[in-house]
Amino acid sequence: MTTVNIHEAKTQLSKLVEQAAQGEPFVIARAGKPLVKVAALDAPPAPRRLGFMAGEIVVPDDFDRTGEAEIAVLFGIGASTAIGANYAARQRLRFEHGQQGPVPLPLVVGSEPEARQELARALAKQ
């Protein structure tokens, strides 16, 4: 490691800093006594780039419905077609009854007319 006095460091600072950046640290001394060590900093990590995989990954249109039938079975709801029919019926009933926000009603398994009747009864009780 190179040791330079303050006067020399002033006159050759650009060259010394370039050497330090290349991995050759140096020491600045005053009257032969070391004062500071100049060394290169570790490079900061490269920023994460958003979208760098664009066009390389394909998300299916029904991604949000993946595993729908299995989840329905776990919750004891029934087939996935019942989920769609009941959701649509619930949304129509909410609109017809002027309700805002989520409806805390159980999902009804069956055909849409049956679901509409049961949801209408549940809404009437509220």
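So the values come out like this:
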| quantity | calculated |
| --- | --- |
| Arg121 versus Lys15: modelled label distance in nm, points set 7 Å from Cα along the beta carbon direction | 9.5 nm |
| The stretch 17-24 - phi-based ³J(HN,Hα) in whole Hz, Karplus 6.51/-1.76/1.60, Gly and Pro as x | 5, 4, 5, 4, 5, 7, x, 10 |
| Heavy-atom accessible surface of the stretch 1-50: percent carbon and sulfur, 1.4 Å | 56 percent |
| Protection proxy ranking of 21-33, 44-56 - average other beta-carbon atoms within 10 Å, highest first | 21-33, 44-56 |
| Distant-in-sequence amide H partners of Ala40 (H built 1.01 Å from N, under 5 Å) | Gly23 |
| Where a label projected 7 Å from the Cα of Glu8 along Cα→Cβ would reach, residues of the stretch 16-58 with amide N under 15 Å | 16-17, 19-20, 25-38 |
| Rounded D (µm²/s) - the stretch 10-73, Kirkwood Rh over Cα pairs, Stokes-Einstein at 25 °C, 0.890 mPa s | 140 µm²/s |
| Distance between modelled label sites at Met53 and Glu70, nm, 7 Å Cα→Cβ extension | 2.0 nm |
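The values are calculated or read from the model by the stated rules, or taken from the named source; none is laboratory data. A quick note: this is a predicted structure, and the numbers were derived from the prediction, not measured. A quick note on method: Cβ atoms are made from the backbone with ideal geometry, for glycine too, and the neighbour counts reach across all protein chains shown. Quick note on the areas: whole protein, heavy atoms, side chains included, nothing else; ligands and nucleic acids left out. Shrake-Rupley method; radii C 1.70, N 1.55, O 1.52, S 1.80 Å.
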